[in-house]
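> This is the structure, below, for whatever I ask next.
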Amino acid sequence: MRRLAVIAAFAALLAALVMPAGAGARINPQIAGLQVALRAHGLYLSQIDGIAGPKTAAAVHAFQRSRNLKVGVADAETRKALGPLGGPLFGSRILRRGDFGWDVAVLQFLLTRSRVYRGALDGYLGKETAASLRRYQRTLHLTADAVLGPRTLSAIVEHDHVPVRPRTFVVSATTSSSRYYTVRAGDNLTAIAERDHTTIAAIARANKLDPAQPIIIGRRLRIPTVRVARAVTVAAVSPALRSQQVDVRAILDRWSQRLGVDPELTRAVAWMESGYQTRIVSAAGARGVMQTLPSTRDYVETVLLGHRAPETVDGDVEVGVAYLRHLLQVFHGDERLALAGWYQGEKAVRQHGLYKVTKPFVADVLALKSRV
């Protein structure tokens, strides 16, 4: 009977493939998976917050237009077009070490919000994600096996309030309530929006205002409360969830073209290393989008480039792509060996071949080529 209950709970979550951003749904972790997938395509640069707000909608619609899909909700066809990060949805399978996809990105989002994970939101259940899952299982008094099975899944659904209603992802601007305010001397839309946790655009739409024009003292304004503004302060604790200030994908492509490296390979490496996150720092001290160690950066700047690269996202990418080009040259264009050298070191590949732990990384990167 107990097993049937667990299976029933798991089946209920399987039905929760998609959720709206309507009333009662502030943060939907499934939306975080959608946002991560959109970031891989260079279309979503805002907070990974699990809220189907206007920026998420704009990114979805831009992606749909680029693929000649029906513009609207993030339906199954859209998720399929997103590639490996477009599925499976969270709750549709048991997750183990080495798995990759939307559901892993959702898990990482939940672990990050619970402050047990500090790594990349890249959809890859690697060593760091597995260790964080074990820590979280212990806090929930579960077997710490780093497997997201029915029991762990049910506990997370209950503890983290993962929605379980079978709907379609609706991505649009959503307001939850409103109040009224009378404009006083010295007021402006920026100050009013900040004070009331909303946006200038939301106030302008609600009152049919031109944001570029001054507001009249004494006018009574309807102030809509936008959920996005309230939830971001909760979700954006970690650098992994914060907004991106640059289009990482475009920078990767530019340096790949300059240095003669396949842009698809560069993007795949960067995604597996950081999920295109610009501020991430590993426990070993690897930094930025390409996750290069200080020693690697010094070697690249001194030997390969002959100059210091700036301490910026652009400089980080230049260093990483230059090192990737070096490995491709050393291994005569063999991408598999070059990636192994990236992961375990050039000397170790020459002496020992691919380590067992290296093979999943190499396979995942090659599988991501042309998909991110």
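No value in this document is a laboratory result; all are computed from the given coordinates. Just so you know, these numbers come straight off a predicted model, no measurement behind them. Here the Cβ is made from the backbone with ideal geometry for all residues, glycine too, and neighbour counts use every protein chain on show.
> Each residue of region 81-87 in turn: what ³J(HN,Hα) in whole Hz from Karplus with 6.51, -1.76, 1.60 and θ = phi - 60°, glycine and Pro shown as x?
5, 5, x, x, 8, x, x
> In nm, what is the difference between 0.36 nm times the number of residues separating residue 284 and residue 144 and their Cα-Cα distance?
Numbers: separation 140, 0.36 × 140 = 50.40 nm, distance 2.41 nm.
48.0 nm is the gain from fully extending residue 284 to residue 144.
> Right, next: Quick one: if you stick a label point 7 Å off each Cα along the C-beta vector at residue 220 and residue 190, how many nm between them?
It works out to 2.9 nm between the two label points.
> Would you mind ranking 216, 192, 31, 200 so that the residue whose beta carbon has the fewest other beta carbons within 10 Å leads the list?
216, 200, 192, 31
> Filter the trypsin sites (Lys or Arg not before Pro) in region 321-372 down to the DSSP loop ones having no more than 12 other Cβ atoms within 10 Å, then list what survives.
Passing sites in region 321-372 are 356.
> Using 0.36 nm times the number of residues separating residue 67 and residue 130, minus their current alpha carbon distance, what extension gain do you get?
So the chain would gain 19.3 nm between residue 67 and residue 130.
> With the crude spin-label approximation of a point 7 Å out along Cα→Cβ, what separation in nm comes out for residue 312 versus residue 250?
Placing both labels 7 Å beyond Cα along the Cβ direction yields 1.3 nm.
> Sorted by average packing, counted as other Cβ atoms within 10 angstrom per residue and highest first, what order do 288-294, 314-320 take?
Output ranking for 288-294, 314-320: 314-320, 288-294.
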